[in-house]
Amino acid sequence: MKSGSGIKPWKVSLHGGHSMPFCDHAHSTLDEILDAAIACGYHTYGVTEHAPRVEPKYLYEEELALGWTVRTLDDLFQVYAKELDAARERYADRLQVLKGFEAEVCPPDRYAEIMSAYKRNLNFDYVVGSVHYVDDIIIDYKTELFQQALEGCGGYEKLAVKYYETLADMVVQLRPEVIGHFDLIRKGFPASQDPHAPRILAAACAALEVVREHDGILDVNTAGYRKGLGGPYPSRELIRLAKDMGIPFCFGDDSHAAADVGSGVEEARLCLLESGVSTITCLAPGEAGMNRIELSLLD
Ligand SMILES: [Zn+2]
Ligand SMILES: [Zn+2]
C-alpha cells in the first residue's frame, strides 16, 4: 500500500471479482471489476473466480442453456488464469491484484486433489475454500435443491451440522488461506429456524476450531447484506466467537458485477469494530509465497 495516498488501509477484498465470460452468473468484465475496485478506493483486490466443476451433473441449468460442458468450464478457467496474470501487470501501478480462485467441495471424494492441482498448475496466489454443497447437493442455488438437501439430512439442524462438518473437513483437506462465507447455510433458513440453535452452534464452533488450527482467515462476506440477511457472513455471533479464538478476518465483497464492488464493506468494517475487532488481514506476494499483513480498521 502506498503511504500518503489517502487510501484507507482496510480497503481490501480477498473474495470477489467474478466476471464475464468466466462465470455464467457474472455481469461485468474483469477490467470493469478492477476499474470499479480502483474507483471505490481499494488498494488490494483479490480476484477469486469459481473453480470449474468437473462432472456434468454439477452444471447449472443456465450453463446447459448456453451449451456449456465441463470442458467449457475448464477452458474458461485456463483463460481466466492467463487474463488475470495480464491484468495484474496492466493494473500494477494503480492496484495490487491478487490471483485467486474459489474452490468447490465437489466431487466429494476427489475435490481436494483437483483444487490443489488447479492452484499448483495455474500458479494461483491463494485459495478461498467455500462449501456450496452438502451431501453433494448445492445449497445456495435453487430452492428445490435446498429442500432436497434438507430432506436428505432430516431437518435444518442436521443440515447445518452436516454443512459445518463438510466445511471443517474441507479446511483439513484443502488448507485454503481464506474460508469463504463461513455460515452460508444460514441463507436458506426461514425466520422460524434459529441458525444458532445449540447443536448448530456447537458444530460451527468445532469448525472454527479447525479453521484456527489451520491458520485460516475468515471472509467477512458482504453478500450477506445484498441477500437481505441484515449483516455479513458470518453472523455477529460467530464473528465474536471467532474473534475470541484469535481467528483473523478479511473482507470479501463477493462481487459478480462492477456495481457490487466495495458494496457493504463500510458496514462490515463497523460490524467488526462493534465486535471488538480492530484489524483486517490482507495478503501480499512475498519471496516465499504469500505474506499476511494486519491492517488497522480504525483509520
Ligand atoms: Zn458466483
Ligand atoms: Zn461462494
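Put simply, of Asp219, Asp183 the only residue that is within 16 Å of ligand 1 (Cβ to nearest atom), closer than 27 Å to Glu49 by Cβ and under 15 Å from the mean Cα position of the chain (by Cα) is Asp219. All conditions in (1) without any contact (Cβ under 8 Å) to a residue 40 or more places away in the chain; (2) over 30 Å from Phe251 (Cβ atoms); (3) more than 15 Å from ligand 1 (Cβ to nearest atom) hold for Glu55, with the sole exception of (1). Applying the criterion of at least 2 residues that are among the β-branched types (Val, Ile, Thr) and modelled with pLDDT of 95 or more to the helices (runs of 4 or more DSSP H) found wholly in region 1-97 leaves 30-39, 70-91.
Criterion first (away from ligand 1 (no atom under 11 Å from the Cβ), within 19 Å of the chain's Cα centre (by Cα) and surrounded by 15 or more Cβ atoms within 10 Å (Cβ to Cβ)) does Leu14 satisfy it? It would help to see each step written out before you state the result.
Working: away from ligand 1 (no atom under 11 Å from the Cβ): yes; within 19 Å of the chain's Cα centre (by Cα): yes; surrounded by 15 or more Cβ atoms within 10 Å (Cβ to Cβ): yes.
Yes: the conditions hold for Leu14.
Checked against (1) crowded, with 24+ Cβ neighbours inside 10 Å; (2) closer than 23 Å to Phe124 by Cα; (3) in contact with an Asp or Glu (Cβ under 9 Å, 6 or more places away or on another chain), Pro285 passes all but condition (1).
Pairs, please: C-beta under 8 Å, at least 6 apart or cross-chain, first residue closer than 14 Å to Glu157 by Cα and in region 190-213, second among the β-branched types (Val, Ile, Thr) and not in a loop (DSSP other than H, G, I, E, B)? Listed pairs, sorted by first residue: Asp194/Ile200; Pro195/Ile185; Arg199/Val161; Ile200/Val161; Ala203/Val161. Please go through region 273-291 and pick out each residue that is within 17 Å of the chain's Cα centre (by Cα) and under 25 Å from Asp85 (Cβ atoms). Those that are within 17 Å of the chain's Cα centre (by Cα) and under 25 Å from Asp85 (Cβ atoms): Thr281, Cys282, Leu283. For region 119-140, a tally of residues being of a type in the set (A, V, I, L, M, F, W, C), assigned to a loop (DSSP other than H, G, I, E, B) and more than 14 Å from ligand 2 (Cβ to nearest atom) returns 2.
Please pick out the residue among Arg110, Arg88 that is surrounded by 18 or more Cβ atoms within 10 Å (Cβ to Cβ), without any contact (Cβ under 8 Å) to a residue 12 or more places away in the chain and not acidic (Asp, Glu).
Numbers: Arg110 fails: surrounded by 18 or more Cβ atoms within 10 Å (Cβ to Cβ).
After applying the criteria, what remains is Arg88.
Per-residue answers, yes or no, for (1) at pLDDT below 95; (2) surrounded by 21 or more Cβ atoms within 10 Å (Cβ to Cβ); (3) β-branched (Val, Ile, Thr); (4) farther than 25 Å from Cys282 by Cα:
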position: Arg175; (1), (2), (3), (4): no, no, no, no
position: Asp183; (1), (2), (3), (4): no, yes, no, no
position: Arg186; (1), (2), (3), (4): no, yes, no, yes
position: Leu201; (1), (2), (3), (4): no, no, no, yes
position: Leu208; (1), (2), (3), (4): no, yes, no, no
position: Arg212; (1), (2), (3), (4): no, no, no, no
position: Asp215; (1), (2), (3), (4): no, no, no, no
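Among the numbered conditions (1) within 15 Å of ligand 1 (Cβ to nearest atom); (2) crowded, with 23+ Cβ neighbours inside 10 Å; (3) not hydrophobic (A, V, I, L, M, F, W, C), the only one that His25 does not meet is (2).
The values are calculated or read from the model by the stated rules, or taken from the named source; none is laboratory data. For clarity, every value in this text was computed on a predicted model and none was experimentally measured. Cβ atoms come from the backbone with ideal geometry, glycine included; neighbour counts cover every protein chain shown.
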